[in-house]
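To start, the structure under review is shown below, and the notes come after it.
Bear in mind these aren't lab numbers, they're just calculated from the coordinates by the rules spelled out. Since the structure is predicted, the reported quantities are computational estimates derived from the model, not experimental observations.
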Amino acid sequence: MGFTVQDFGDLVKLIETNEEWRQRLRTLLLGREIEDLPDQMQTMQKAVGALFSEMARAFNNQAQTLTSLIGAIQTLVSSINTLIVVQKRQAEEFASWRAEVNERFAKLEEAIARLAEAQARSEERLS
């Protein structure tokens, strides 16, 4: 006896109503690997979700670190600018003091030269 289209329809109805038959037929036709795909996919989704969460935490940590570094750099730049102003002022004051000291030394040299001349004249008169 042959298998007819009517028989096939009956077979389909039987398979649809019998969960155990449907499962066995699915395993037979698709193989165990295909059946395992939903579980594998769910496992991968969990793993990917965990990785994304970890990456988000790492990104937030990096963003906080970057914000801290930017603040530190701004503080350093401000300090350096203040030091530049102070250094320029000190250089100007030093140049002013140096000019004053040079002027005083020049006056002292002139005074010493005049005193030496006066002493020489005094020694001449006394001799």
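What the table below lists for this structure:
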read-out	value
Whole-Å distance, taken between Cα centres, linking segment 87-104 and segment 28-43	87 Å
Segment Arg125-Val48, length gained on full extension (0.36 nm per residue, minus Cα span)	16.6 nm
